[in-house]
Structure formats: C-alpha cells, structure tokens
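Student: Handing you a structure now.
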Amino acid sequence: MKIQAIKFRKDGFYTQPMVFGGEEGPAQYDINVRYRGSLQNYLIDAGDEVILVDTGLPAGTPEEKPDETSMAYTGKDICSYMEAFAALGYRAEQVTKILPTHKHADHSGELRSFPNAKIYVNEEELSAAELQGLDNLVPVAFTDGAYYEFPACQKIRDGVYYIKAKGHTNGNSIVIVENDGLFYMIHGDITYVDEALYANKLSVVFEDLPAARETLDRVRAFIGSRPTVYLSTHTPQGYENLEARRVMDLDHPVETVLAEVEFTGQEGTGRYVCSVCGYVYDPAEHDGTPFEDLPEDWRCPRCKQPKEKFNQA
C-alpha cells in the first residue's frame, strides 16, 4: 500500500492557546507562539482500490486574512482539494471508499465529488449538516472489537482500520494503516500540531472534553508501544512525517520550527471564515448584519465555536 498527502493549503498557523489550552484554559498560554499550519488530507492506494481519508474544503471556500489576534489560520490556497487530488494522477471515479475522520467541512467538503465511493461514517455523525443529501453513506457501528488500546474498531480491509475516537467531535474517528512493519495513524484533529502530542495537551476545540482526554491518552499509549507514523491534517509535520517515515518518539520530540507570520492588513470582504470548520459567515445571507455586530456570545452554526475563532475573508 502507498499513502500520499493531498496538499491544498500552506503557510498557516495555530497559536499556543488554541492547541494547548483545552484543559488549563487558553489564558495560560502565549498567543504570540504560533506553530506551523497547513491543510492536507490523505490517500491510500491499496493497488486494487483507492481509499480517501477526508476530502478537504469545499471548492470556493475563501482564504482568511488573519491579524495579530487570530487564534488560528488555515493558510493560503495552494489549489483546491480536487485539483490537488487530480495532481497525484487519480480520477474521482477510481475512489472506492472514503473514511471521514469527522464532520467538519475541512474534512468533508468534497464528499459529493466522489459519487462512486462508499462513505464510511461513524453512526454518531450521520445527522451532521455537512453530510445531509448524500445517498452513499455507510453507517459504521465499530463492531469488530478492540484494536490494541482502542476499544472499538471497524476493519475496512486487510491493513486498514477505522477507529472510534470520540472527543473533538462526538463522531470523531482515526484511520490506522499497517504497512511494511509501521503503523500509519491518520487523524483529523486529535491534535492540531505535533507539539501538542509531545506535550500531552488538548486543543480548545472539542465536543466532549473527558472523551477527548481519553482518546489522546489512548493515542499516546499506542504510539509509545508501536512504531507509529503520525499523520496530521493541520500541520506540515503530517506530510513531513509521512515523507520521512518518521516514527514518533514521545520522549524525544522533533525540534519545533515556529511559523513565520507577516500580517498584511488587507481590507476584508465583509465575510468571515471559521478557522475550525470552514463555515463562511456572509452578511448578505443574514439580513445584512455585519459580523462585528453579532452578539459576543454568538457561536458558529456548524461547530459551535465562538467569534474569536473566525478570521476575515
């Protein structure tokens, strides 16, 4: 089997309060510490079939224009997800299965572009707005028993396992690929950056905090016991680990390279983008109400994150 990264955004960042502050609170951390961010999903070429793990942002999602107060920034477009997928030499009709890690649009945005694929979805995620109108969903109840430290899994094929990993969302899942003596752990947002994995810190984005802590504990126990390549969605460390076939050593972290950030002060369009799930707030669709005039306790309609997680577009 061959695993490849589908890269579609680069040069983003995630601040220390966001990626470390889930349990102690973001105020304990320095917003001026910004870790490198990007967006990529993964493709598994099994020879006789092509499997996708997540399907990027929807085409047309605007880029964000972060400022010094931004908690996160998903980065600049390299190209659209579908263009990045095609650049690897594949066609949409070749994809037989899709394994979403969770519902958020930066992971599920192009599911509709693969009509021949079966979309395996944690059954707890089926009611998500992002998944409505799809007729090729396969509910997963994780009936194949435990997979090492994880109590519930579904075997997708030899060497490919879909793992129940509640926390970030209630239907969050992990994909593990066994190949050439290594375990490739493909995840959505168990951590946003590898520094959080090494430091054993939870991000501030979760639907169930105790479950998120339990999942991270299981992830670290798995990695501590087996040669694991950790493939993240939101940091270039994900594809760097893949390209180097780097086995994670929790006692010896890879040296941190902080994000290089230049704030341009560009004038915005009036639209705002959630840096967590990709939801676009457009005043034209909300009776002309500017984002700035929304109540301070307003939340993202999709992922329920506060206004501070939004950036101008």
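Student: Answer yes or no as to whether residue 11 is free of Cβ contacts under 8 Å to residues at least 12 places away in the same chain and assigned by TED's automatic domain parsing to the domain that holds residue 168.
Tutor: It is false that residue 11 is free of Cβ contacts under 8 Å to residues at least 12 places away in the same chain and assigned by TED's automatic domain parsing to the domain that holds residue 168.
Student: Please go through the range 204-234 and pick out each residue that is part of a loop (DSSP other than H, G, I, E, B) and either in contact with a strand residue (DSSP E or B) (Cβ under 6 Å, 6 or more places away or on another chain) or not β-branched (Val, Ile, Thr) (or both).
Tutor: Selection gives 206, 207, 208, 226, 227, 232, 234.
Student: Continuing with the same structure: Please enumerate the residues belonging to the range 122-151 that are buried (at least 19 other Cβ atoms within 10 Å of the Cβ) and within 17 Å of residue 223 (Cα to Cα).
Tutor: 147, 150
Student: Check 202, 209 and return the single one that is crowded, with 20+ Cβ neighbours inside 10 Å and over 18 Å from residue 39 (Cα atoms).
Tutor: 202
Student: Checking residue 311 against (1) over 30 Å from residue 198 (Cα atoms); (2) assigned to a strand (DSSP E or B); (3) not acidic (Asp, Glu), only one condition comes out false. Which one?
Tutor: Going through (1) over 30 Å from residue 198 (Cα atoms); (2) assigned to a strand (DSSP E or B); (3) not acidic (Asp, Glu) one by one, residue 311 breaks only (1).
Student: Can you tell me which residues in the range 291-301 are surrounded by 14 or more Cβ atoms within 10 Å (Cβ to Cβ) and farther than 22 Å from residue 17 by Cα?
Tutor: Across the range 291-301, the qualifying residues are 291, 294.
Student: Among the residues of the range 141-195, which ones are over 17 Å from residue 246 (Cα atoms), within 14 Å of the chain's Cα centre (by Cα) and outside any loop (DSSP other than H, G, I, E, B)?
Tutor: Of everything in the range 141-195, those that are over 17 Å from residue 246 (Cα atoms), within 14 Å of the chain's Cα centre (by Cα) and outside any loop (DSSP other than H, G, I, E, B) turn out to be 173, 174, 175.
Student: Among the candidates 255, 267, 240, 260, single out the residue that is of a type outside the set (A, V, I, L, M) and not in a loop (DSSP other than H, G, I, E, B).
Tutor: 240
Student: Looking at the range 95-108, can you tell me whether even one residue there is free of Cβ contacts under 8 Å to residues at least 24 places away in the same chain and outside any strand (DSSP E or B)?
Tutor: Within the range 95-108, none of the residues are free of Cβ contacts under 8 Å to residues at least 24 places away in the same chain and outside any strand (DSSP E or B).
Student: Something else: Considering only residues of the range 221-240 that are of a type outside the set (Ser, Thr, Tyr) and within 18 Å of the chain's Cα centre (by Cα), which is farthest from residue 11 (Cα to Cα)?
Tutor: 229
The values are calculated or read from the model by the stated rules, or taken from the named source; none is laboratory data. Here the structure is a predicted model, which means the values were calculated and not measured. Counting neighbours? That spans all protein chains shown, and the Cβs are built from the backbone with ideal geometry, glycine included.
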